[in-house]
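Here's the structure we're looking at; comments come further down.
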Amino acid sequence: MEKRHLHLKGPALSQIVAGAWRWNSVDVAKLIRTSLDAGITSFDHADIYGDYDNEKLFGDALKKVSINRQQIQLITKCGIKLLSSKQPSTWVKHYDTSKEHILTSVDTSLKNLGTDYLDLLLIHRPDPLMDAEEVSETFGLLKQNGKVLHFGVSNFTPTQFEMLQSYLPFPLVTNQVELSLSKLDCLFDGTLDVLQKHKTSPMAWSPLGGGKLMSSGSPLWPKKEKYNATETQLSLAWLMRHPANIFPVIGTTQAERIIESAKAVEIALERQDWFEMLKAATGRDVA
Ligand SMILES: NC(=O)c1ccc[n+]([C@@H]2O[C@H](COP(=O)([O-])OP(=O)(O)OC[C@H]3O[C@@H](n4cnc5c(N)ncnc54)[C@H](OP(=O)(O)O)[C@@H]3O)[C@@H](O)[C@H]2O)c1
């Protein structure tokens, strides 16, 4: 699978990224090996996944896989604090984008993932109490000491993205957003437009709508025979046909579905087929 840059000055990731949110109670080493064999070299995490356990599960599994650190890309997120027995000082779920929290979270992620650098760190959710100057200073420190190579955000509106970007001396290289045939808001609310303006690529989380899209008999799949493709492959190909250079972050816990998903990069949907799928998803023609 070809690697593409999220941004001219950003990291090169596999076009399809493997998400580790659901990777607990599974054979993580097997999923890593399967991903790599299928050409998926980029892995998406967050400090909080699996009630703060998944990064460590992944880091431990990675030790069993013989791969050079430079051959994979590790992405993680910080900024959400969950109510958890592992976080005794938290009494309400909240966001924290303070310098102290970001630095602590990065150090914990590095330790858990068993690495000395992250390819990409994302602010997980827009924090109403975010001090952009403080975040900028913190990102600068992390870049300077080599702990994080690139920075981005997740679930930011276009104006939130522009606001944080205006404080930074280097580009935000992505906005990771919920986007699929069952969640189309970002396509029409300016989110993708602003990213295209900045020549920054979106990452699409829940690209299969968390599995919702896969209900049998859906009108979404009129083109399965034409492309000799599955529902999963068509859903991912539909995202990748968009000129914003979308990187789907798949969430399956099944090795066969990783292999199936990776083949989506070979499908180039024709314009009218793309619109036919959009019509099936929205239930109406474009104006
Ligand atoms: N930035 C954020 O705020 C944010 C939020 C949520 C997620 N994420 C990232 O995005 C990644 C993907 O999210 P996601 O897991 O919701 O993505 P997804 O790929 O849309 O959904 C995966 C789910 O769909 C199921 N599924 C896949 N194919 C199916 C089929 N043919 N029939 C029935 N079920 C099927 C999977 O089950 P099986 O495991 O059985 O295949 C799994 O439960 C996460 O791992 C995480 O890295 C980011």
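What follows is calculated from the coordinates using simple rules that are stated; it is not laboratory data. On a predicted model such as this, the values are computed, not experimentally measured, just so you know. Backbone-built Cβ (ideal geometry, glycine too); neighbour counts: all protein chains shown.
Are any residues in the stretch 207-234 part of a loop (DSSP other than H, G, I, E, B) and either more than 12 Å from the ligand (Cβ to nearest atom) or free of Cβ contacts under 8 Å to residues at least 12 places away in the same chain (or both), and if so, which ones? Talk me through it step by step, then tell me what you get.
Of the stretch 207-234, the ones part of a loop (DSSP other than H, G, I, E, B) are 207-208, 215-223, 228-230.
If the condition is that a residue be part of a loop (DSSP other than H, G, I, E, B) and either more than 12 Å from the ligand (Cβ to nearest atom) or free of Cβ contacts under 8 Å to residues at least 12 places away in the same chain (or both), then S215, S216, G217, P219, L220, P222, K223, N228, A229 are the ones that fit.
For beta carbons closer than 7 Å, sequence separation of 6+ or different chains, a first residue in the stretch 251-272 that is of a type in the set (D, E, K, R) and a second that is within 14 Å of the ligand (Cβ to nearest atom), the qualifying pairs are R257/T232; E260/T230; E260/T232; E260/Q233; K263/Q233. In summary, G209 fulfils each of the numbered conditions (1) under 16 Å from Q15 (Cα atoms); (2) touching a strand residue (DSSP E or B) at 6+ places or on another chain (Cβ under 6 Å) with the single exception of condition (1). A single entry from V177, V173, V106, V153 fulfils the requirement of being within 16 Å of the ligand (Cβ to nearest atom), under 18 Å from the mean Cα position of the chain (by Cα), outside any strand (DSSP E or B) and of a type outside the set (S, T, Y): V173.
Can you tell me how many residues in the stretch 156-170 are surrounded by 14 or more Cβ atoms within 10 Å (Cβ to Cβ) and either in a helix (DSSP H, G or I) or within 16 Å of the ligand (Cβ to nearest atom) (or both)? Break it down stepwise before answering.
Here is the first cut: in the stretch 156-170, the ones surrounded by 14 or more Cβ atoms within 10 Å (Cβ to Cβ) are 156-158, 160-165, 167-168, 170.
In the following step, the residues that additionally are either in a helix (DSSP H, G or I) or within 16 Å of the ligand (Cβ to nearest atom) (or both) were identified as 156-158, 160-165, 167.
Looking only at that region, the number is 10.
Of all residues being in contact with a strand residue (DSSP E or B) (Cβ under 8 Å, 6 or more places away or on another chain) and assigned to a loop (DSSP other than H, G, I, E, B) in the stretch 180-206, which is nearest to the ligand (Cβ to nearest atom)? Just the residue, please. So the residue we want is S206. The residue that is surrounded by the most Cβ atoms within 10 Å (Cβ to Cβ), among those in the stretch 42-54 that are within 19 Å of Y95 (Cβ to Cβ) and over 15 Å from the mean Cα position of the chain (by Cα), is Y52.
Of all residues in the stretch 176-187, those that are in contact (Cβ under 8 Å) with a residue 24 or more places away in the chain have Cβ atoms under 6 Å from Cβ atoms of residues that are near the ligand (Cβ under 10 Å from one of its atoms) and hydrophobic (A, V, I, L, M, F, W, C), 6 or more apart or on another chain, in Q176/L122; Q176/M203; Q176/W205; E178/W205; L179/A204; L181/L213; S182/L213.
In the stretch 6-101, counting only strands (runs of 3 or more DSSP E) that sit wholly within it, the ones holding 2 or more residues that are within 11 Å of the ligand (Cβ to nearest atom), among the hydrophobic types (A, V, I, L, M, F, W, C) and touching a residue at least 60 places away in the same chain (Cβ under 8 Å) span 17-19.
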